[in-house]
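Shown next, in structure tokens, is the structure this report addresses.
The values are calculated or read from the model by the stated rules, or taken from the named source; none is laboratory data. As the structure is a prediction and not an experimental result, all values here were calculated from the model. A quick note on method: Cβ atoms are made from the backbone with ideal geometry, for glycine too, and the neighbour counts reach across all protein chains shown. Quick note on the areas: whole protein, heavy atoms, side chains included, nothing else; ligands and nucleic acids left out. Shrake-Rupley method; radii C 1.70, N 1.55, O 1.52, S 1.80 Å.
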Amino acid sequence: SYRSSPSAPPSALPPKSPPPSCTTGANPPSLSPVYSAPPRRLLAPARASAANPSRLGRERERSAAAAAAMRIEEVQSTSKKQRIATHTHIKGLGLDANGTAIGMSAGFVGQAEAREACGLVVDMIRQKKMAGRALLLAGPPATGKTALALGISQELGSKVPFCPMVGSEVYSSEVKKTEVLMENFRRAIGLRIKENKEVYEGEVTELSPEESESSTGGYGKSISHVVIGLKTVKGTKQLKLDPTIYDALIKEKVAVGDVIYIEANSGAVKRVGRCDAFATEYDLEAEEYVPIPKGEVHKKKEIVQDVTLHDLDAANAQPQGGQDILSLMGQMMKSRKTEITEKLRQEINKVVNRYIDEGIAELVPGVLFIDEVHMLDIECFSYLNRALESPLSPIVILATNRGICTVRGTDMTSPHGIPVDLLDRLVIVRTQIYGPIEMIQILAIRAQVEEIEIDEDSLAFLGEVGQQTSLRHAIQLLSPASVVAKANGREKICKADLEEVRVLYLDAKSSAQLLHKQQGSYIT
């Protein structure tokens, strides 16, 4: 190896000597642990490659292989797609400021009289003049009865309870029919409780649990207290909290940057949301951002809670058994679905009425929507007669597509399968069959909601199919026709695609005619 020294003559060193850690020769050198420098040829790769064309070719092959190994694919967007249901396109009743129906608005087409009638019902509900009354939506199948009920719920907003159910839900082997009806009645009655409470409110700036040696001995440690910092617009405050409040913080999943409030009397913790200062922290996040609270950390605040009467029933009906093994086993073996007694409901009604009289709570009558009401029997109808007269009663909306038929549980016939004495209490709204133009407009809205491209001729043909069969069948042909179009290399549906899927899928009328012709081939 060559070693340089100050006394060595210049001629003793070769003109291009390798670094001190390398040796020249056939045998591979051992690297020095003190210094290791790359060979000089690596410092000028362009000249070395130009001097050696074969090396340049090998480097190109290696880079091509690396590019082949590195796969770059286009991924789909991570934004959540909303599931498209039957009535996803309904956003309201589509009325103007005077309550007049707009031709095409809020997802609705046609049914102007029915929409205006429902608009008056919404106004009466808001003015609390509709409680204890019932509305019947009657009309042929596929005329928008359920859509009208959903439009009413959209107009009322999320603060008014809306409880949908189907007539056949009342039949259960565990619970009485009238109990199911009463449970849904109380789900549709809201209670807005307002209380002035002393609270600590602010954005969490610090959350530090302090540990200490366990009082029971052993090696484990227990949390003695938790230090939390809260910040508002006016200032900050540091609090020392009990370990039980720390458990409540964990249940609420509180983290630094969240806006919370802690009730001073009970120690109850409520997470309001994430502070809006962190709104740009993530591109996509399912968080509700709220502004930082104003005023002092320690303040008196009006707390508004929206609950339903059923929530109060269920909270007070929980069995309060002992902690011994027999009580725990009894609770585990108990049926999951238990009836709430009438006595308990009467006690809760007394407390609710007292709160209303004292101005602490406000009653919010909601909407109970019973679809396919003809499925109820005479016992349920008798119960509805009494329940509608109760002082704590919601607005009841019924829907049916039956004409004159037998009342379930009896031999008598009645309009819509509803007893006459209950029909006298109902305000009846009629829905009409859609015309050809309205049907095409509805199909165009559904195609837009489902992100399906279709031309005008195909829409007109599909409207004719809907007139011959039903609107529901025509809507159901959109998705398979879109799949057929994409299989044929097209994004837009054409008439040939619709004709192909129409042959594949029969409607109810065609299936009934085929069944009548081939009746001998089926088991009866």
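Remarks
- Tabulated pairs, the range 416-429, first without any contact (Cβ under 8 Å) to a residue 60 or more places away in the chain, second open to solvent by 80 Å² or more (accessible area, probe 1.4 Å) and in a strand (DSSP E or B), C-beta under 9 angstrom, 6+ apart or interchain: 417/404; 417/408
- Taken over the range 441-462, the criterion of being farther than 25 Å from residue 399 by Cβ and in a helix (DSSP H, G or I) is satisfied by 444, 447, 448, 456, 457, 458, 459, 460, 461, 462.
- Among the residues making up the range 449-467, those that are without any contact (Cβ under 8 Å) to a residue 24 or more places away in the chain and open to solvent by 60 Å² or more (accessible area, probe 1.4 Å) are 451, 456.
- Of all residue pairs spaced 6 or more apart or on separate chains, those with beta-carbon atoms under 6 Å, a first member in the range 291-318 that is of a type in the set (Lys, Arg) and a second member that is open to solvent by less than 50 Å² (accessible area, probe 1.4 Å) are 301/199.
- Taking the listed residues 358, 379, 339, the one that is open to solvent by 30 Å² or more (accessible area, probe 1.4 Å), modelled with pLDDT of 90 or more and either among the charged types (D, E, K, R) or closer than 16 Å to residue 189 by Cα (or both) is 379, with no other qualifying.
- Sole residue being under 30 Å from residue 188 (Cβ atoms), open to solvent by 30 Å² or more (accessible area, probe 1.4 Å), at pLDDT 85 or above and assigned by the TED database to the domain that holds residue 349, chosen from 307, 256, 233: 307
- Residue in the range 233-247 that is under 25 Å from residue 363 (Cα atoms), free of Cβ contacts under 8 Å to residues at least 40 places away in the same chain, of a type in the set (Lys, Arg) and not in a loop (DSSP other than H, G, I, E, B) present: no
- Residue match in the range 122-138 (condition: part of a loop (DSSP other than H, G, I, E, B) and touching a Ser or Thr at 6+ places or on another chain (Cβ under 7 Å)): yes
- For the range 473-524, taking the residues that are β-branched (Val, Ile, Thr) and outside any helix (DSSP H, G or I), the one that is most open to solvent (accessible area, probe 1.4 Å) is identified as 523.
- Exclusive hit being out of contact with any Leu (no Cβ under 9 Å at 6 or more places or on another chain), within 24 Å of residue 305 (Cβ to Cβ) and not assigned by the TED database to the domain that holds residue 471, set 203, 195, 113: 195
- Selection from the range 465-486 of residues that are within 30 Å of the chain's Cα centre (by Cα), closer than 18 Å to residue 87 by Cβ and of a type in the set (S, T, N, Q): 476, 479
- Figure legend. Inter-residue proximity from the range 136-154: first residues more than 20 Å from residue 102 (Cβ to Cβ), second residues among the aromatic types (Phe, Trp, Tyr), beta-carbon distance below 9 Å, spacing 6+ or different chains. Indicated pairs: 142/434; 146/369.
- Inter-residue pairs, beta-carbon under 9 Å, first free of Cβ contacts under 8 Å to residues at least 60 places away in the same chain and in the range 373-402, second in a strand (DSSP E or B), 6+ apart: 378/408; 381/408; 402/138; 402/415
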